[in-house]
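**Q** The structure follows.
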Amino acid sequence: MAHDQLHRYLFENYAVRGELVTVNDTYQRILTNHDYPAAVQTLLGEMLVATSLLTATLKFSGDITVQLQGDGPLKLAVINGNHRQQMRGVARLQGDIPSGSSLKEMVGNGYLVITITPTEGERYQGVVGLDGDTVAECLESYFQQSEQLPTRLFIRTGEHDGELKAAGMLLQVLPAQDADRHDFEHLTQLTTTVKAEELFTLPATEVLYRLYHQEEVTVYEPQDVEFHCHCSRDRCANALMTLSDQEVNEMIEQDGEIDMHCDYCGTHYSFNSLDIRAIRQESSRNLLH
Ligand SMILES: [Zn+2]
């Protein structure tokens, strides 16, 4: 199978659009360097697929963060992606998670937060309770509550050829158009039959043909999906400057340097006393101008 790609498609005879995404390499990169329990690995795969599908529905440039948080053993799980399909994600645990744990067992009393941040314009945040048994179901009820755009997500995760894989599809009624409820139901019935095996092994066009061979479907040029973390030394330095001088000095005295570590990609950024002096000079210069 080729690299990670997102395909958009449109039904000629219905006011419904679709998307299909596979995220193997991106998924591996998110799991690398983390020793997540199996149930958390699966959950991150589902969230990754969902976030990719959601960012592809954006009509502007920006990014979407899908975040689960609660008082359960899984404290936090977050996937962040943008309109260029650059994705990253991380999970934080505060207890044991046996394999086979359900979403509610992992998250406990919690909720799903969807944050949409346009490159220009107002940030929007939506919060939904964990009404559904899966991330897909929770997001479907979010769409029902917020945009009232009927939306269905079909997410598949699993092991194939000794590797964890994740893929999925989305159906959504086009905004400002009246898709017949029965038509949408009909397309949902067709799409829901998609098998993990098909999504993991077949080219997207083949999967779409198998599902919709009696329909007229236009498939657009695919978009690459990739792992990308936008952390940087400058961002770390900025974060350090939000602390008091005394706090920073104490950290330097204790360890000789400050080691900052990005949870998303594993990059270390270290700052010694000379670095700190340079950063302070730089920030005071910026304040003067
Ligand atoms: Zn990073």
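The values are calculated or read from the model by the stated rules, or taken from the named source; none is laboratory data. Not measured: the values here are computed from a predicted model. Backbone-built Cβ (ideal geometry, glycine too); neighbour counts: all protein chains shown. The area values use the complete protein model at the heavy-atom level, side chains included, leaving out ligands, DNA and RNA. Shrake-Rupley method; radii C 1.70, N 1.55, O 1.52, S 1.80 Å.
**Q** If you put +1 on each Lys and Arg Cβ and -1 on each Asp and Glu Cβ, how big is the dipole of the chain around its Cα centre, in Debye rounded to 20?
**A** Details: 21 positive and 43 negative charges, 76 e Å.
It comes to approximately 360 debye.
**Q** Whenever you get a sec, compute what percent of the accessible area on the chain sits on carbon and sulfur atoms (1.4 Å probe). Intermediate results must be reported in sequence, preceding the final value.
**A** Values: 6660 of 14980 Å².
Solvent-exposed carbon and sulfur of the chain make up 44 percent of the total.
**Q** May I pose another question? Net charge within 11 Å of Thr201 by Cβ-Cβ distance, Lys/Arg positive one each and Asp/Glu negative one each, not counting Thr201 itself?
**A** Details: positive: Lys165, Lys195; negative: Asp161, Glu197, Glu198, Glu206.
Overall, the nearby charge balance is -2.
**Q** Could you tell me which of Gln85, Ser101, Val66 has its Cα farthest along the dipole of the stretch 57-181 towards the positive end, charges placed at Cβ (Lys, Arg +1; Asp, Glu -1), taken about the Cα centre?
**A** Checked the options; the winner is Gln85.
**Q** Mind listing the lone cysteines of the chain, meaning no other Cys beta-carbon sits under 4.7 Å from theirs?
**A** Cys138, Cys236
**Q** If I model the stretch 233-287 as equal point scatterers sitting on the Cα atoms and use the Debye formula, what is log10 I(q)/I(0) at q = 0.29, 0.31 Å⁻¹?
**A** Evaluating at q = 0.29, 0.31 Å⁻¹ gives log10 I(q)/I(0) of -1.29, -1.39.
**Q** Tell me the per residue accessible area of the chain using a 1.4 Å probe; a whole number in Å² is fine. Walk me through the intermediate numbers first.
**A** Values: 14980 Å² over 289 residues.
It amounts to 52 Å² per residue over the chain.
**Q** Could I ask something else about it? Toward the positive end of the charge dipole of the chain, about the Cα centre and with charges on Cβ (Lys, Arg +1; Asp, Glu -1), which of Val49, Thr193, Ala38 goes farthest?
**A** Farthest along the dipole direction, towards plus: Val49.
**Q** So, in Å, what gap is there between the alpha-carbon centers of the stretch 170-227 and the stretch 101-119?
**A** First find each Cα centre; the distance between them is then 26 Å.
**Q** Mind listing which chymotrypsin sites (Phe, Trp or Tyr not before Pro) in the stretch 216-276 are in a DSSP loop and have 16 or fewer other Cβ atoms within 10 Å?
**A** Numbers: sites: Tyr220, Phe227, Tyr264, Tyr269, Phe271; in loops: Tyr220, Tyr264.
Answer in residue order: Tyr220.
**Q** Taking a 1.4 Å probe, which of Asp63, Asp4, Asp259 shows the most accessible area, and what order do the others take after it? Intermediate values should be presented prior to the final figure.
**A** Values: Asp63 45, Asp4 5, Asp259 85 Å².
Final ranking, largest accessible area leading: Asp259, Asp63, Asp4.
**Q** Related question: Check Leu76: other-chain or 5+ apart residues with amide H under 5 Å from its amide H, H built from backbone geometry?
**A** Answer set, sorted by chain and number: Arg92.
**Q** Further question: Where Lys and Arg each count +1 and Asp and Glu each count -1, what net charge lies around Leu6 among other residues with Cβ under 11 Å from its Cβ?
**A** Details: positive: Arg8, Arg84; negative: Asp4, Glu19, Glu221, Asp224, Glu226.
Taking every Cβ under 11 Å from that of Leu6, the sum is -3.
**Q** Let me ask something else about it. Name the residue farthest towards the positive end of the dipole of the stretch 126-268 from the options Met169, Met241, Tyr212, assuming +1 on Cβ of Lys and Arg, -1 on Cβ of Asp and Glu, about the Cα centre.
**A** Farthest along the dipole direction, towards plus: Tyr212.
**Q** Any chance you could give the angle, 0 to 90 degrees and rounded to 10, that helix 135-146 forms with the longest Cα principal axis of the chain?
**A** 90 degrees
**Q** If you don't mind, there's one more thing I want to ask. The stretch 8-104: which chymotrypsin sites (Phe, Trp or Tyr not before Pro) are DSSP loop and have at most 13 other beta-carbon atoms within 10 angstrom? Could you put the intermediate results ahead of the total?
**A** Details: sites: Tyr9, Phe11, Tyr14, Tyr27, Phe60; in loops: Tyr14, Phe60.
Listed in order of number, the matching sites are Phe60.
**Q** Using a simple charge model, +1 on the beta-carbon of Lys and Arg, -1 on the beta-carbon of Asp and Glu, nothing else, what dipole does the stretch 242-289 show about its Cα centre, in debye to the nearest 20?
**A** Details: 3 positive and 10 negative charges, 69 e Å.
Roughly 340 debye, rounded to the nearest 20.
**Q** Next question. Need one value: the accessible area of Arg277 in square angstrom, 1.4 angstrom probe, rounded to the nearest 10.
**A** Here the accessible area works out near 140 Å².
**Q** Place a +1 charge on the Cβ of each Lys and Arg in the stretch 98-168 and a -1 charge on the Cβ of each Asp and Glu, then give the dipole magnitude about the Cα centre in debye, rounded to the nearest 20. Each step should come with its number before you reach the end.
**A** Values: 5 positive and 11 negative charges, 10 e Å.
Taking the Cα centre of the stretch 98-168 as origin, the dipole is about 40 debye.
**Q** Can you give the calculated 222 nm mean residue ellipticity of the chain, where each DSSP H run of n ≥ 4 adds -39,500 (n - 2.57) and the sum is split over every residue, rounded to the nearest 500 deg cm²/dmol?
**A** Numbers: 10 runs with 105 residues, N = 289.
Rounded to the nearest 500, the figure is -11000 deg cm²/dmol.
**Q** Per residue of the stretch 106-112, what does 6.51 cos²θ - 1.76 cosθ + 1.60 with θ = phi - 60° give for ³J(HN,Hα)? Whole Hz please, x for Gly and Pro, Karplus curve as stated.
**A** Listing the rounded values in order: 6, 7, x, 6, x, 7, 10 Hz.
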